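Student: Here you go, one structure.
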């Protein structure tokens, strides 16, 4: 494990402009630097780097963070790998913490598994190109399939000889034990090679390390499967891996789309033909972990199917998971008799791209049309179709997007849109309840109220969006307080009662801190207050490096802006009536606090008016008079506050 002080040293030395400049051509613009975003395809720069705040932010795709986050996103590294990369870049020697003997032994063994898999990769590659058996059986097969030398090398293809223990013997000579070979899934239960007489397709993790292998049979036989895959190991979990992701990740970012196919050779053929943004699920059902892996690089998946109706219907059952991750899913049905491999070999890149542009359809609309074709005018089957479809619609987390699909599907099915809204809302209720069944009993009750509230808001929005957008909760005032606190809280102010702007803000908000409604805003302000009370040094980097991803993301959002202030001073035109915005934080904070307090007062007025109406209906004159007086007091407070603004118009 890396010592905390070493991580801190890396964070202190890693300059975001220097780290990003290794991958992106940056140009100076005011106090920041801009360039073309490496995470999505763009022609006009929207990628901004702030050397003073040591963060990056793309105002096109939304990605942002510090140096570690950039390396993780760009290179697909885990956190520790990114720290090691930056340590090497800045010549920092990492200190490892002392762990217990069992932990250290486990780490050493895990590293040895990676080493023996690397050894196996080199062995299989050598067998393919440097042995007569490998060239005649394996290399000839690959050449006959049309795979060029560059493709074979790029994907590390190899060959496993027909002898029973060739790899095992070589690995033992290199010092690897039987136990490690078994744990790496390279040795079978009889002590021989796991793979024999097969073309080998290495499976790499996101960082490019071999973690498993797949072997294709050279001759048709009933003795074994056509493809043999490594079983799961300590470093290989099938549900978290996609074949080809290491080779495809850069192209997926650039194209803002990921093609998903079934087989290894489909990936190779498409990649070789110029479609590099392609991965395979290797014949398994798509898992949430695999979907999230794709989502790190794009929000769009295009799935390629052959024309087998049964296969399509079976495959679509698992695609609701993609919708739950709020991703765009498109399906493309290839001509009858074709798979991705055969299609692109025959048609070439240009025709493939044209076909995808014309034939790929949104998943939900594709499913609707497929089910309608099956129903063929049968009312009973159409009823079942609606039930199947609403199960899919209920998985869409964004109410606006869901409403748009409801409108389109209702039109295609020729049914009343309000019926589809109602049935979808029922499905959302059931979906939430199903999720709750997986929650431990001791926390289920506390989360039930939250889930019910979420559903009520979602259902209200889905219904309202048929005629217009529902009213959204206004958290602007809270957000503005957090923005000022993160940007300027550490600044000194010309007030003898406070040493920093943060102290002034907390003194002014003391009585309404508990009224913060937004969960993440409340987390930040309470953590900031705790650190301030404990006299800890606070800087924006504490929150940009935060372990909570929501806090980290929000901090980057609030510390960056796509705009630059005009530099009037450079033209000898100084500001006459106010300070520069970056120096006007005391007034900014005062106004933000006033707006938040005004919001709280308006809420109290609304609540009090409800009580007055209630007491009036009950004929309770005594309590009604008390609350009428309270109403007058609240109105006076409101008027005192609004008098301090010149441009506030209240909605009464």
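Student: For segment 1-84, which helices (runs of 4 or more DSSP H) that fit wholly inside it have 3 or more residues that are over 30 Å from residue 105 (Cβ atoms) and over 22 Å from the mean Cα position of the chain (by Cα)?
Tutor: 16-21
Student: Kindly check whether there is at least one residue in segment 201-212 that is without any contact (Cβ under 8 Å) to a residue 12 or more places away in the chain and surrounded by fewer than 21 Cβ atoms within 10 Å (Cβ to Cβ).
Tutor: no
Student: Could you look through segment 314-337, keep only residues that are in a helix (DSSP H, G or I) and under 17 Å from residue 362 (Cβ atoms), and pick out the one that is modelled with the lowest pLDDT? Before the answer, list the steps.
Tutor: Of the residues in segment 314-337, the ones in a helix (DSSP H, G or I) are 314-316, 320-324.
Still in the list and also under 17 Å from residue 362 (Cβ atoms): 315-316, 320-324.
Working: 315: 66, 316: 71, 320: 78, 321: 79, 322: 82, 323: 80, 324: 79.
Selected residue: 315.
Student: Hey, among the residues in segment 585-619 that are surrounded by 15 or more Cβ atoms within 10 Å (Cβ to Cβ) and over 46 Å from the mean Cα position of the chain (by Cα), which one's farthest from residue 478 (Cα to Cα)?
Tutor: My answer is 615.
Student: Does residue 367 meet the test of being modelled with pLDDT under 85 and surrounded by fewer than 20 Cβ atoms within 10 Å (Cβ to Cβ)?
Tutor: When the stated conditions are applied, residue 367 does not pass them.
Student: Take segment 23-37 and flag every residue that is surrounded by fewer than 18 Cβ atoms within 10 Å (Cβ to Cβ) and in contact (Cβ under 8 Å) with a residue 24 or more places away in the chain.
Tutor: Answer for segment 23-37, where residues must be surrounded by fewer than 18 Cβ atoms within 10 Å (Cβ to Cβ) and in contact (Cβ under 8 Å) with a residue 24 or more places away in the chain: 23, 29, 30, 31.
Student: From the residues in segment 135-167 that are touching a strand residue (DSSP E or B) at 6+ places or on another chain (Cβ under 6 Å) and under 24 Å from residue 112 (Cβ atoms), which one is surrounded by the fewest Cβ atoms within 10 Å (Cβ to Cβ)?
Tutor: Selected residue: 165.
Student: If residue 383 passes every condition in (1) under 17 Å from residue 329 (Cβ atoms); (2) in a helix (DSSP H, G or I) but one, which one does it miss?
Tutor: (1)
The values are calculated or read from the model by the stated rules, or taken from the named source; none is laboratory data. Keep in mind it's a predicted model, so treat the numbers as computed, not measured. In this analysis, Cβ positions are derived from the backbone assuming ideal geometry, glycine residues included, and neighbour counts consider all displayed protein chains.
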